[in-house]
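A.B. asks: Before we start, here is the structure in question, set down as structure tokens.
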Amino acid sequence: MVKPKVGRMFLATCVGSFFILIVYFQNISRSASEQISGRNSFSVKSGRSPLQTLQENDQLEQSAVQATLQGRRELLEETCRTHTHKRRVLSPEDLRHLIVDDKHKLLYCYVPKVACTNWKRVLMVLTGDGRYREPLAIPANEAHVAGNLRSLSEYSTAEINQRLRTYLKFVFVREPFERLVSAYRNKFTRSYNTAFHKRYGTKIIRRHRADPQAEALEKGNDVSFEEFVYYLVDPQTQREEPFNEHWERVHSLCHPCLIHYDVVGKYETLVQDSHYILKLAGAEGEIKFPATSKSTRTTGDMAAKFFDKISPFYQKKLFNLYRMDFLLFNYSVPAYLKLR
């Protein structure tokens with residue numbers, strides 16, 4: 001259930017949708033219309049939505065990809081049951097990261113540093129009515145322009161609830177510390193990211209560097225990874241404002257214990273998971289998910305080098321901060337951490 005934006009005018013809608021959504025989030029059962037149809041076609045042109053196609057395929061003999069994705073979904077649900085004891089009402093603010101494709105009945109929760117630029121490009125092609133044809137022809141900065149894609153938070157309460165019930169919801173996740181190091185490298189070591197240097201770098205240096213130089217305080221362009229970690233684990237940081245989306249935890253961006261995601265894709269299996277989603281949507285003939293460059297991507301070995309300079313005390317504090325993302329998405333504790 002989504003919290004109404006205004007008072008009484010949404011009361012009937014909310015009362016009417018409350019039970020449906022609680023059953024939906026719990027994933028207790030499927031209606032008769034969602035049971036096996038005897039066909040294994042992925043085409044959305046038959047009139048079935050991607051969600052219906054997924055549910056039908058779950059009843060048939062599964063491929064290795066389908067079995068993997070179902071396993072992730074079940075583990076996520078079990079972890080949520082184990083570690084989440086209080087449910088709360090979703091607000092429109094919680095739904096800002098959910099991008100809507102009404103044409104293909106898709107809801108995508110984007111997570112920065114997990115191929116979200118390319119997924120936004122793909123959705124711009126799918127929802128663009130011919131304006132865009134090739135994802136990589138869309139400049140990266142244009143993919144992030146507000147207004148090019150619609151967020152679920154822009155819809156009315158009734159429209160939100162209807163889409164949460166009937167659209168295929170998917171999210172892509174990544175090993176949490178690889179994602180964190182990737183965010184640090186992109187936002188604090190690239191000379192062109194002056195907005196981040198000014199907005200966050202100057203604050204980090206002022207608060208976490210002893211005897212900073214005047215130039216560093218002004219430009220904020222030489223933040224070390226250690227200083228970035230100190231900033232993240234400092235309780236004052238989140239008391240002042242929420243984390244920036246590039247290093248915010250996935251469970252805080254996409255609320256996977258409140259919203260039941262039908263597909264949990266992983267950065268480590270990005271191509272096959274993306275292809276499967278496009279196939280469910282009946283769009284595999286329209287578009288191919290862009291291949292990513294592996295030459296500059298942040299790897300586990302690279303993350304280990306960054307963490308080598310972090311003391312065990314701060315490693316443990318940082319792990320505790322991102323612990324739920326490790327648990328929810330079944331990532332092992334990195335071997336390079338010194339937590340004991």
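A.B. asks: Apply the Karplus curve 6.51 cos²θ - 1.76 cosθ + 1.60, θ = phi - 60°, to the phi angles in the stretch 96-110 and return the couplings in whole Hz, x for Gly and Pro.
C.D. replies: 5, 8, 8, 8, 10, 10, 5, 5, 9, 6, 10, 10, 10, 8, 8
A.B. asks: Report the GluC sites (Glu not before Pro) located in the stretch 262-340 that are in a DSSP loop and have at most 13 other Cβ atoms inside 10 Å of their Cβ, or state none.
C.D. replies: Filter output for the stretch 262-340: E286.
A.B. asks: Further question on the same structure: For the stretch 99-235, give the share of DSSP beta bridges that are antiparallel, in percent and rounded to the nearest 5; count only bridges with both residues there.
C.D. replies: On the way: 5 of 9 bridges.
Here the antiparallel bridges make up roughly 55 percent for the stretch 99-235.
A.B. asks: Okay, moving on. Above 20 Å lies some portion of the pair distances; for the stretch 278-340, what is it as a whole percent of all C-alpha pairs?
C.D. replies: 50
A.B. asks: Expressed as a whole percentage, what fraction of the accessible surface of the chain belongs to carbon and sulfur atoms when a 1.4 Å probe is rolled over the protein heavy atoms?
C.D. replies: Values: 8590 of 16730 Å².
That fraction is 51 percent.
A.B. asks: Between Q236 and T82, what FRET efficiency comes out of the Förster formula 1/(1 + (r/R0)^6) with R0 = 35 Å and r the beta carbon distance, rounded to 0.05?
C.D. replies: Numbers: r = 31 Å, r/R0 = 0.88.
About 0.70, to the nearest 0.05.
A.B. asks: Select from R48, R88, R185 the residue whose mean-square fluctuation is largest in a Gaussian network model of the chain (Cα-Cα springs shorter than 10 Å).
C.D. replies: Maximum among the listed residues: R88.
A.B. asks: Any idea of the accessible area per residue across the chain, 1.4 Å probe, to the nearest Å²?
C.D. replies: Normalised by residue count, the accessible surface of the chain is 49 Å².
A.B. asks: Based only on Cα atoms, what Rg/Rh ratio does the stretch 71-329 have, Rh being taken as Kirkwood's radius?
C.D. replies: Details: Rg = 19.1 Å, Rh = 19.7 Å.
That ratio is 0.97, to two decimals.
A.B. asks: How big is the antiparallel share of DSSP beta bridges in the chain, given as a percent to the nearest 5?
C.D. replies: In the chain, approximately 40 percent of DSSP beta bridges are antiparallel ones.
A.B. asks: Project the alpha carbons of the stretch 87-168 onto their principal axes and report the range along each, largest first, in whole Å.
C.D. replies: Reported extents, whole Å, longest axis first: 41, 26, 19.
A.B. asks: Which length gain, in nm to one decimal place, applies between S252 and Q162 when the Cα-Cα distance is subtracted from 0.36 nm times their residue separation?
C.D. replies: Stretched fully, the S252-Q162 segment lengthens by 30.1 nm.
A.B. asks: Mark the label point 7 Å from the Cα of T189 along Cα→Cβ and return the residues of the stretch 210-251 whose backbone N is within less than 18 Å of it.
C.D. replies: 220-232, 246-247
A.B. asks: Explain nothing, just the number: relative contact order of the stretch 71-329, from Cα pairs under 8 Å at least 6 residues apart, as a whole percent.
C.D. replies: 27
A.B. asks: Next question. Would you pull out the residues with amide H under 5 Å of K266's amide H, same chain only if 5 or more places away, H placed 1.01 Å from N?
C.D. replies: Correct list: V173.
The values are calculated or read from the model by the stated rules, or taken from the named source; none is laboratory data. Note that the structure is a prediction, hence the values are computed from the model and not measured. In this analysis, Cβ positions are derived from the backbone assuming ideal geometry, glycine residues included, and neighbour counts consider all displayed protein chains. What goes into the accessible areas is simple: the full protein's heavy atoms, side chains included, and nothing from ligands, DNA or RNA. Shrake-Rupley method; radii C 1.70, N 1.55, O 1.52, S 1.80 Å.
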